Amino acid sequence: MNIFARFEAIVATAARELVAEGRIAAPLSEAQLSALAAERPRDASHGDIATNAALVLAKAARMKPRDLAELLAEKLRTTEGVVGVEIAGPGFINLRVADAVWHDVVRAALGEGRDFGRAEIGKGERVNVEYVSANPTGPMHVGHCRGAVFGDALANLLAHAGYAITREYYINDAGAQVDVLARSAYLRYREALGEQIGEIPAGLYPGDYLVPVGQALAAAHGTALLDKPEAAWLPVVREAAVAAMLVMIKEDLAALAVRHDVFFSERSLMAQAAGANANQVETTIDALERKGLIYRGRLERPKGEEVVDWEDREQTLFKATAFGDDTDRALVKSDGSYTYFASDMAYHNDKVGRGFAHLINVFGADHAGYIKRLTAAVKALSDGKVDLDIKVCQLVKLFKGGQPYKMSKRAGTFVTLRDVVDEVGRDPVRFMMLYRKNDAPLDFDFEKVTEKSRDNPVFYVQYAHARAHSLFRMADEAFPGLGPSSPEVRGADLSPLTDEGELALIKRLAFFPRLIEGAALAHEPHRLAFYLYDLAADFHTQWNRGKDLPHLRFIRDDDRRVSAARVALVTVTSEVIASGLAVLGVEAPREMR
C-alpha cells in the first residue's frame, strides 16, 4: 500500500467531481491529473500529507491556484479519514489524517510482508546497469569497491521498483594496458623458470599477484616461450593473464556479494562477424556516416587542459556537438587504429541494439570527462530513443580512529578491495559505501564502522532488526504463540496504537513505498541507507521510551491485546528493515554477536 499514491487518487477524484459539477469550467485531462503529487510536508507540524494539486492544475482549470485550492479543500474535508485540511502559501493543501488511516498502512504491510514497498513504476522496462568495468590488469582497489557496491545496490533498487535489469561488466581487454599486463606476466614467467628478474622495471605492474600467473605459464609452456619473439608470445601470455585477472576480479566481487549477468569483452567488438567484412566498430561508424554524422576535419587544441590523444591533423570526426558535447570527437588515430571513444561508441551501439530502454554507467571520478561525449553518442546511435545516465563515484579515503590509514598492498601500488573487506567484513563495507551520495567524497574509518554505537550506521540499523527479533522472543515468553507470523498478530486490532511515538514510527514505515520509487527514479540508493537509519532511530527511540514509561513497552504483560498490536507494528518494522537491507545487499541479523 502506498498511502501517497492513495491520496493522489483521492485528490484527482475530487478534481474530476468539481469538473462534473461545473465548478471547474475547463476540462482536465488524465495526463494533467496524473501530474499532481502527494508527499510528506517538509515540516511535520504542517500536517501528514501535502499536495501541489492546485498549483499543477490551476493553468488547465483557468483559475488562480489559491481559488482552486479552496474548492479542492472543500471536497477533501468530506473524505473519510481526513480530519483536517489547511491551505498554505500560493495554494499547497496540507492534510491531517485519522489514526485509523495509519493503522490501515500497518494492516496492508502485514498482508504484503516483504513485498511491502515493491513498486511497479518500471513496468518491466529493460535497463542495462554497467558497473565496475575495471581494467583486467590486477585485483580491484578500494575505489572500485565503491562503484561495485553502488552499481549493485542501484540494480537491486531498480529491480525492486519493477524494472527488468541486466548487470554488466565491460572488460577493457583491447587496449595498451593489457599488453603491459602481458609483459609484466612474462617477466614473472621468466622468474618462475629460475631467472633472477630483480626490481620490476618502471611501467610494468609490480604486484605479487602476477607470480601465480607466471608459474601457471611455466607449467603450461615450459621454456617454449623464451626463444619466441614478442609478437609470438605476447598474444599467448595476454590471453592467459587476462583470464587469470578475471578470475581474481570475480573472486573479489564475490567477497562483496556483487554479481554481474554479462561480462562483455571489448576485444569482441574488433572481431569480424561470421560472413561479414566489418567489425562492430566499423559497422557503428558506417551507421553514423549514413546519418550524416561523420566528416573529415581538424580539431582545435582544447584550451586549458592537456589532452593526450589530441592530434593536429585532418581526421575522421563524429559530430558530437550536435548532441550537446563541447567538441566533435575523433574516431581514428593517425596510425589507423580506432580511438578509445570509437570502441566506446560501438559498445553502446551494441547495448542499444540489444533493446534496452535505459542505460546506466557507473564511473570512477577519473572518468567524469566522458559523460558528455558518451551521452551524445547514445543520443545519436538511438535517435534519442534510449537515455544514458552516467553516475560518478567519488574517491574513498581510508582512516582508522580519525587518522589516515595505510594497509598492506599486495597489489604493489594500492589498497585492494579484498584488504578492506577482510579487515571489517562485507556488511560494513557495503552499507558505508552507500551512506554518502555517490558524487560526494567518502571517508571510510575502520574503527567507526566496527564500533557498536549509534554513530555506526550499519550497526545501528542491524541492531534494530535484531532487537525486533529479541522482542518476538519476549512476546512468546509472555504470551505463548504470540509471534510475528501468528494469526493473532497478523489480524490484530490496531486501534491501541495511538501514542505519538508509535504513530511517528508508522508514518516512517508508510513512506517506504514512496522512498523506493523516488530513489529508483533518481538512481540514488543512498536515500535508502539514510531512510533505514532514520527508521531504526524511530524504533530505538520508542523502545527506550518504554524503559521510562512502562505503559509504552512493546510487550505489556498485563494486556495481550495491546501487546498483539505492538508486535504487529514491530513485525512491519523488522520486515521493512530486512527488505531495505536486502536491496543494499546487507544482511539483516536476528542476533548481534
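The values are calculated or read from the model by the stated rules, or taken from the named source; none is laboratory data. Source: prediction; values computed, not measured. Ideal geometry is used to build each Cβ from the backbone, glycine not excepted, and the neighbour counts take in all protein chains shown. Only protein heavy atoms, including side chains, enter the accessible area calculation; ligands, DNA and RNA are left aside. Shrake-Rupley method; radii C 1.70, N 1.55, O 1.52, S 1.80 Å.
What is the sum of charges around residue 504, taking Lys and Arg as +1, Asp and Glu as -1, for the other residues whose C-beta is under 13 Å from the C-beta of residue 504? Walk me through the intermediate numbers first.
Numbers: positive: 40, 507, 508, 545; negative: 48, 99, 499, 500, 502, 534, 538.
Counting the neighbours of residue 504, the net charge comes to -3.
Suppose we flag GluC sites (Glu not before Pro) only when DSSP calls them loop and at most 12 other Cβ atoms lie within 10 Å. Which is the longest uninterrupted stretch of the chain?
On the way: sites that count: 21, 80, 120, 195, 199, 300, 305, 306, 314, 451, 591.
It runs 452-590.
Which of the lysines could a cross-linker bridge to residue 400, judged by Cα under 21 Å and excluding same-chain residues fewer than eight apart?
Straight-distance partners of residue 400: 409, 448, 452.
As I understand it, the value is the acute angle between the Cα axis of helix 340-353 and the longest principal axis of the Cα atoms of the chain; what does it come to in degrees, rounded to 10?
Relative to the chain, helix 340-353 is tipped by roughly 50 degrees.
Set the Förster radius R0 to 60 Å, insert the Cβ-Cβ distance between residue 534 and residue 199 as r into 1/(1 + (r/R0)^6), and round the FRET efficiency to 0.05. It would help to have the intermediate numbers written out before the result.
Working: r = 53 Å, r/R0 = 0.89.
E between residue 534 and residue 199, to the nearest 0.05, is 0.65.
Under 27 Å from the Cα of residue 291, which lysines turn up, not counting those fewer than eight places away in the same chain?
319, 333, 351, 372, 379, 385
For a quick check of your reading of the filter: which trypsin sites (Lys or Arg not before Pro) in the range 313-351 sit in a DSSP loop and have no more than 12 other Cβ atoms within 10 Å? Intermediate results must be reported in sequence, preceding the final value.
Details: sites: 313, 319, 329, 333, 351; in loops: 313, 319, 333.
Answer by residue number: 313.
Mind checking the full-extension length gain between residue 164 and residue 259? Use 0.36 nm per residue of separation minus the Cα-Cα distance, one decimal, nm.
Values: separation 95, 0.36 × 95 = 34.20 nm, distance 1.56 nm.
Gain in length upon complete extension: 32.6 nm.
With the contact rule set at Cα under 8 Å and sequence spacing of 6 or more, what percent relative contact order holds for the range 440-560? Walk me through the numbers on the way to the answer.
Details: 72 pairs, mean separation 28.7, N = 121.
Relative contact order for the range 440-560 comes out at 24 percent.
About the Cα centre of the range 162-282, how large is the charge dipole given +1 on each Lys and Arg Cβ and -1 on each Asp and Glu Cβ? Please answer in debye to the nearest 20. Don't skip to the end; give the middle numbers.
Numbers: 9 positive and 15 negative charges, 32 e Å.
For this selection, approximately 160 debye.
Between the range 351-384 and the range 31-106, how many Å separate their Cα centres?
Cα centroid of the range 351-384 versus Cα centroid of the range 31-106: 39 Å apart.
Given the protein chains as shown and a 1.4 Å probe, how many square angstrom of residue 67 are accessible, to the nearest 10?
Roughly 80 Å² of residue 67 is accessible to a 1.4 Å probe.
Between residue 267 and residue 446, with labels modelled 7 Å along Cα→Cβ, what's the label distance in nm to one decimal, could you check?
My value for the distance between the label points is 3.7 nm.
Quick check: the angle from helix 280-290's long axis to the longest principal axis of the chain, C-alpha only, nearest 10 degrees?
Result, in degrees: 70.
Lysines within cross-link reach of residue 64: Cα-Cα under 26 Å, excluding same-chain residues under 8 positions apart?
Filter leaves 75.
Positive end of the charge dipole of the chain (Lys, Arg +1 and Asp, Glu -1 on Cβ, about the Cα centre): tell me which of 65, 421, 46 has its Cα farthest that way.
Ranked along the dipole, the leading option is 65.
How high is the FRET efficiency between residue 62 and residue 499 when r is their beta carbon distance and R₀ equals 51 Å, given to the nearest 0.05? Provide the component values of the computation, followed by the final result.
On the way: r = 46 Å, r/R0 = 0.91.
Given R0 = 51 Å and the Cβ-Cβ separation, E is 0.65.
Considering the options 34, 357, 378, tell which one lies farthest towards the positive end of the dipole of the chain, charges being +1 on Lys and Arg and -1 on Asp and Glu at the Cβ, about the Cα centre.
34
Under 20 Å from a label point 7 Å along Cα→Cβ of residue 74: give me every residue in the range 82-106 with its amide N that close.
Taking a point 7 Å out along Cα→Cβ of residue 74, the residues of the range 82-106 whose backbone N falls under 20 Å are 82-96.
Let me cross-check residue 444: its accessible surface, 1.4 Å probe, with only protein heavy atoms counted, in Å² to the nearest 10?
In the full protein context, residue 444 sits at about 0 Å².
At 1.4 Å probe radius, can you tell me the per residue accessible area of the range 10-135 in Å²?
Values: 6130 Å² over 126 residues.
I get 49 Å² per residue for this part.
Using a 1.4 Å probe over the heavy atoms of the protein chains, calculate the carbon and sulfur portion of the accessible area of the range 173-329 as a whole percent.
Working: 4330 of 8570 Å².
Carbon plus sulfur share of accessible area: 51 percent.
Specify which labelled value, from (1) 188; (2) 159; (3) 219, agrees with volume of the Cα convex hull per residue in Å³ derived from the coordinates of the model shown.
It is the one labelled (3).
Just need the relative contact order of the chain here, percent rounded to a whole number, with Cα pairs under 8 Å and 6+ apart. List each step's numbers first, then the result.
Details: 979 pairs, mean separation 90.3, N = 593.
RCO, the chain: 15 percent.
List residues of the range 360-393, by number, whose backbone nitrogen lies under 17 Å from a label position 7 Å along Cα→C-beta of residue 321.
Counting only backbone N, you get 372-374, 376-377.
Tell me which trypsin sites (Lys or Arg not before Pro) from the range 26-97 have a DSSP coil assignment and no more than 15 other beta carbons within 10 Å of their own.
Details: sites: 42, 59, 62, 66, 75, 77, 96; in loops: 42, 62, 77.
Qualifying residues, ordered by number: 42, 62, 77.
Full extension from residue 397 to residue 334: what is 0.36 nm times the residue separation minus their Cα-Cα distance, to one decimal in nm?
Values: separation 63, 0.36 × 63 = 22.68 nm, distance 3.96 nm.
The span from residue 397 to residue 334 would gain 18.7 nm if fully extended.
If you stretched the chain out fully between residue 179 and residue 389, how much longer would it get, using 0.36 nm times the residue separation minus the C-alpha to C-alpha distance?
On the way: separation 210, 0.36 × 210 = 75.60 nm, distance 3.11 nm.
Extra length from residue 179 to residue 389 when fully extended: 72.5 nm.
Points 7 angstrom from Cα along the Cβ direction at residue 544 and residue 590: gap in nanometres?
2.8
How many angstrom separate the Cα center of the range 415-438 from the Cα center of the range 485-520?
Answer, in whole Å: 31.
To test your reading of the geometry: what angle, between 0 and 90 degrees and rounded to tens, separates the Cα axis of helix 176-192 from the longest principal axis of the chain?
So the inclination is approximately 70 degrees.
Mind checking the per residue accessible area of the range 401-497 for me, 1.4 Å probe, whole number of Å²?
Numbers: 4450 Å² over 97 residues.
Per residue, the range 401-497 has an accessible area of 46 Å².
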